[in-house]
Amino acid sequence: MAEETHTPRVFSGIKPSGGLTLGNYLGAIKRFVATQGSAMETIYCVVDLHAITVWQDPADLTKATREVAAGYLASGLDPAKSILFNQSQVSGHAELAWIFNCVARLGWMNRMTQFKEKAGKNAEKQSLGLYAYPSLMAADILLYHATHVPVGEDQKQHVELTRDIAAKFNHDFKAGGFFPMPEPVIEGPATRVMNLRDGTKKMSKSGESDMERINMTDDADTIAKKFKKARTDPAPLPDAYDDLADRPEARNLVDIYAALNDMTPQAVIAEYAGAGWGQFKPALADLAVAKLAPISQEMERLMADPAEIDRVLAQGSERARAIAAPILDRTYDLVGMIRGA
Ligand code: AQP
C-alpha cells in the first residue's frame, strides 16, 4: 500500500478520575489552549473509559467528567475551535482498542512504568483494564490519525508505545503508512509538576493527601496554606537554576512559578536569587491565586448548568465520530472483517 501523508492533527485527553490538579492544568490544559487556533485541528477528550480502570463511584464519575469539561472550557478551550467530547460517546475508541489489544505484545505492556507504579505490590488485584490502558490510549490517538499529542512527561512512554502499535499494525496488515507515527509534544517548564510534600513524586489527582496537590477548585486561603506548608529545604534560592538540580522540591516551586507566569525558570531565578521561602512562597501563592481564581470561578458557573456541559460534549462527540468513522471502517477492512455492503 502507498505511503500516506497525514494532515497534522492534535489529540489529547484527561481522565475524570477526580478533580483537576495544577499538574493537569500546567502540563496539559494550558498547553492545549495555546495550541488551539493554530493550523492544526485540535481534538480534546475527557477520557472516561480510562478513569474506570480503577474503581469510580458512578455519580462521582459523572460529576468529574463534567468538572474536567468545565476545566477545559473555563481555561479558554473554545468548542467552536476545538472538538471537545467524552470518550465513551464515541464507540470507536473501544472498538479500535480491541484490535490493538491483539496487535500489542504482552512484553510491551510489561514494560509500562505507569502500570507498575499504580499497581504497586498488588498487581494481581488490579483490573485487566488498567493493564491494557496503553492500548486504549493508542486507540484514542490513532482513531483520529492524530500526529501530535501534547502530554506531560508521565505519558511519554505511552505515546512511544502508540508508535510501536501503529508500526506493527501497518506492517502486519501491509497497510503502508495508514496509521501515522504520532509525536509526543512535551514542552515548557511544567512537564512534570511534583507533589508538594515529596518532590520526587508527581502531583496526582488521586494522591493520598490533599495537601500534596493544588486543586483547580481550591480557594485562595487553601492555595496559600498548601504552598506555605509545601516541603522545601532550608537554603535560599540560588543564583543559577542549575544549582537546583539536587533540590527537587525547590526546583518544583520555581518551575510552577515559571509556568504560571509564562516565563523561563532561569528568569524566575534571576528575579528571586537569594530570596528565602518566607518571601518566595507567598509570591508564588499570590500568583497562583491570580491565575487560578478566574478559572475556578468560571468552572463553578459552568458546573451550575450541567445540561449545557452535556450539550457541548454531545456536539463534540458528533464531530469526533465523523472523523473516526471512516478511519475505523478502513481499519476493519484492512483486518479482513466483513461489514454490511
Ligand atoms: N503532575 C503533572 N505534571 C504535568 N502534567 C501532568 N499531567 C498529569 N499530572 C501531571 C498531564 O495531564 C494530562 C492528563 O492526565 P490524566 O489525568 O489523564 O492522567 P494522569 O497523568 O494519570 O493524571 P493523575 O492526576 O496522576 O491522575 P490519577 O491520579 O487519577 O492517575 C496528561 O497529559 C498528563 O501527562
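Here, each number is a calculation from the coordinates, and none is a lab measurement. Keep in mind it's a predicted model, so treat the numbers as computed, not measured. Positions of Cβ are generated from backbone atoms using ideal geometry, with glycine treated the same way; all protein chains shown enter the neighbour counts.
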In segment 180-238, anything within 10 Å of the ligand (Cβ to nearest atom), assigned to a loop (DSSP other than H, G, I, E, B) and under 15 Å from the mean Cα position of the chain (by Cα) is listed as ILE186, GLY188, ALA190, THR191, ARG192, VAL193, MET203, SER204, LYS205, SER206
Of the residues ILE295, ILE269, only one is under 25 Å from the mean Cα position of the chain (by Cα), part of a helix (DSSP H, G or I) and surrounded by 12 or more Cβ atoms within 10 Å (Cβ to Cβ); which? ILE295
Inside segment 17-58, the number of residues satisfying the requirement of being touching a His at 6+ places or on another chain (Cβ under 9 Å) and near the ligand (Cβ under 10 Å from one of its atoms) is 3
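Per-residue answers, yes or no, for (1) in a helix (DSSP H, G or I); (2) surrounded by 20 or more Cβ atoms within 10 Å (Cβ to Cβ); (3) at negative phi; (4) not hydrophobic (A, V, I, L, M, F, W, C):
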site	(1), (2), (3), (4)
ASN24	yes, yes, yes, yes
GLY27	yes, yes, yes, yes
PHE32	yes, yes, yes, no
LEU49	yes, yes, yes, no
LEU61	yes, no, yes, no
THR65	yes, yes, yes, yes
VAL68	yes, yes, yes, no
ASP78	no, no, yes, yes
Some residue of segment 4-14 being within 9 Å of the ligand (Cβ to nearest atom) and not polar (S, T, N, Q): yes
Give just the number: which of (1) in contact (Cβ under 8 Å) with a residue 40 or more places away in the chain; (2) among the small types (Gly, Ala, Ser); (3) more than 14 Å from LEU142 (Cβ to Cβ) does GLY177 not satisfy? (3)
Residue, surrounded by the most Cβ atoms within 10 Å (Cβ to Cβ), within segment 121-156, restricted to residues that are hydrophobic (A, V, I, L, M, F, W, C) and within 13 Å of the ligand (Cβ to nearest atom): ILE141
